[in-house]
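No value in this document is a laboratory result; all are computed from the given coordinates. Model, not experiment: these values are computed from the prediction. Cβ placement follows ideal geometry from the backbone for every residue including glycine, while neighbour counts extend to all protein chains displayed.
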């Protein structure tokens with residue numbers, strides 16, 4: 001295990017993994033052979049083994065299975081706020097867990113919204129926003145309303 005002196009781990013377990021400069025881990029479980037790069041924040045999440053989360057990324061209220069790669073400056077946030085005619089209620093979080101299945105790849109700057117499940121080996125292109133579940137072996141290109149979700153085998 002290699003945890004940088006500037007990293008902060010609170011109420012969490014960390015396996016034989018690497019936490020780089022200014023990483024924060026709160027109320028989470030981190031498996032073995034994970035690499036959390038500079039300024040990554042993980043809250044209320046469970047990470048399997050052999051996961052890379054690149055610099056500047058944020059993961060909250062998520063289950064991340066083994067072999068997942070999250071590109072730099074990505075957001076995986078399973079928290080939102082209820083919206084009604086009067087707007088959103090201030091400081092009233094609503095939690096909808098996210099599930100990233102084995103082998104998922106998120107490109108840099110990708111956003112995965114609350115309640116989303118990404119199937120095994122799904123790919124989210126850089127800068128894409130995902131608001132609905134994605135089947136295994138699919139790639140998400142772009143963001144709603146012009147988003148495309150196509151089979152990896154077709155796209156390659």
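Of note:
- Each of 134, 104, 124 was scored by other Cβ atoms within 10 Å of its Cβ. Arranged with the fewest first, they read 134, 104, 124.
- Comparing mean-square fluctuations of 73, 92, 54 from a GNM of the chain with C-alpha springs under 10 Å, the top value falls on 92.
- Share antiparallel - DSSP beta bridges, the chain, percent rounded to 5: 20 percent
- If you run the Gaussian network model on the chain, springs between alpha carbon atoms under 10 Å, then out of 33, 84, 93 the most flexible one is 84.
- Length-normalised contact order of the chain in % [C-alpha pairs under 8 Å, at least 6 apart]: 12 percent
- When the Cα gyration tensor is reduced to axis lengths a ≥ b ≥ c, the ratio a/c is 1.5 or higher for the range 64-111, and with a/b above b/c it is classed as prolate.
- Cα gyration tensor, the range 104-156 - rounded (a/c under 1.5), prolate or oblate: rounded
- Gyration tensor (alpha-carbon) shape descriptor, the chain, a/c threshold 1.5: oblate
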